[in-house]
Amino acid sequence: MYNTIGIRHEDKYLLERRAPLTPRHIARLVNDCQLNFIVQNSEKRIFNDEAYRKAGAMIVSDLKEADIIVGIKEIPDHVFERDKTYLFFSHVSKGQPHNMPMLSRMMDMGCTLIDYEKVTDDQGKRLIFFGRYAGLAGMINTLWTYGQRLKAEGLSTPFERIRQTHEYASLEEARSEISEVGKEIAQHGLPDAVHPLVIGFMGYGNVSQGAQEICSLLPAKEVPVSALKSTIEFKHIPSNILIKTVFREEDMVEPVIPGEEFDLYDYYRRPERYQSKFYHYLSYINILLNGAYWDAHYPRHVTKAALESLYRSGNQRLKVIGDISCDPNGSVECTYKGMEIDDPVFMYDPLTGEHASGFWGSGIAVMAVDILPSELPIEASNSFADVLVNYMRPLAETDFSVPLDQLRLPSALRHGLILYKGKLTPDFEYLKQYLP
């Protein structure tokens, strides 16, 4: 007898429209594997209820009949049901304070939690993610932010043609418009006031690669970090060329002890032995994209102190930060919260430390939305489900009543098992220190 799998509606954000499994994937699992699905009704999900019904799922108002509940974002504390298994992005693995009450509630209810973020292969590589789509949407939004910020300063540029990602009917429509902007820059150049334009990418993983895909639609020349200073200061750059540079760990941090060499393995094993040196580059960058992983063990790279020092020196080249990683008070310290899709940008004044929504006023425009893939709901959902679909039959066949040492799960899902029947699994017992 298969477990019944329930797809929950997303209720954390008004404009969250993604789905973990699409009607196409449900139909495949129902027809080929005879799995049982119930789908919680939703008026905003990008795929409507009727499409799921035609795929073979039952549409319901609640998921009481489901054994396994599959979602995307965090779930309100009062929604959890006793002894059930949940799959979603829980955002608890770093001990995030705002989600510890949720984790505690799941423990009290005897729930089992599998977190997509921790579903990995045996080498630790993530297998189920939206990262590329966060990068794609984040870069589109950042270019839009740049155009709107310059417009607020009274400067017209080709970038003001770009819209926020969710305003496009598809990713291809967004690509097409940005390509046209790129052609305009290539033909006519940029105003002297914004030239040379330097775009910096922090990180080189899935998020950064998605962002760089969009950047490739513009006439950009990539230069190594080591040549950034000399390129900006000593070389003539045509006004129809943008400069792009990608920062890796060795570019952003250095050992605390002078004279020691950077070692990547050592950095991830003992990050307290390293400090950020990223402030050296801030004076050369106009648009900064943050797509790098960060948690509290690692140094911040864009500190409030560094931004204040930059502004007090009179250097205001840095106009926009696209904080795609969006860790509040994290690697980009001035990101004080994740913004929502309908209010995605705030101005940060380095001299006063104040934040204000919109594009106007003194300081740096920061785009920091923590559900960026939802601005590309069809493409992001399809890509995500293409991977998740492969784990549905093993989940449906799993007996979640047995002791943990007898639990038969694919190893990738086992890696993501944070709670089992209300108890932290061995790999995640460290979270006890963060619980309320």
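Each row is one residue, and each column tells you yes or no for (1) assigned to a loop (DSSP other than H, G, I, E, B); (2) crowded, with 17+ Cβ neighbours inside 10 Å; (3) in the same structural domain as Gly358 (by TED's automatic domain parsing).
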{"position": "Ala169", "(1), (2), (3)": "yes, no, yes"}
{"position": "Leu190", "(1), (2), (3)": "yes, yes, yes"}
{"position": "Gly200", "(1), (2), (3)": "no, yes, yes"}
{"position": "Gln209", "(1), (2), (3)": "no, yes, yes"}
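When restricted to residues that are hydroxyl-bearing (Ser, Thr, Tyr), buried (at least 17 other Cβ atoms within 10 Å of the Cβ) and free of Cβ contacts under 8 Å to residues at least 60 places away in the same chain, region 152-167 contains 1. Looking at Ala193, Ala227, just one residue is farther than 22 Å from Lys277 by Cα and more than 25 Å from the chain's Cα centre (by Cα), and that residue is Ala193. Residue count for region 235-258 under the criterion of being in a loop (DSSP other than H, G, I, E, B) and within 23 Å of Leu143 (Cα to Cα): the result is 6. Residues in region 227-242 that are more than 21 Å from Leu217 (Cα to Cα) and either exposed (fewer than 12 other Cβ atoms within 10 Å of the Cβ) or hydroxyl-bearing (Ser, Thr, Tyr) (or both): Ser230, Thr231, Glu233, Phe234, Lys235, His236. If you check Glu375, Glu379, which single one turns out to be among the charged types (D, E, K, R), modelled with pLDDT of 95 or more and more than 18 Å from Tyr146 (Cβ to Cβ)? Of Glu375, Glu379, the one residue that is among the charged types (D, E, K, R), modelled with pLDDT of 95 or more and more than 18 Å from Tyr146 (Cβ to Cβ) is Glu379.
When each of Leu87, Leu35 is tested for being under 22 Å from Asn382 (Cβ atoms) and touching a Lys or Arg at 6+ places or on another chain (Cβ under 9 Å), the lone residue that passes is Leu35.
Pairing residues of region 174-202 that are more than 22 Å from Val223 (Cα to Cα) with residues that are of a type in the set (D, E, K, R), at Cβ distances under 7 Å and at least 6 apart in sequence or on separate chains, gives Glu177/Arg161.
The values are calculated or read from the model by the stated rules, or taken from the named source; none is laboratory data. The shown structure was predicted, so the numbers you read here are calculated from the model rather than taken from an experiment. A quick note on method: Cβ atoms are made from the backbone with ideal geometry, for glycine too, and the neighbour counts reach across all protein chains shown.
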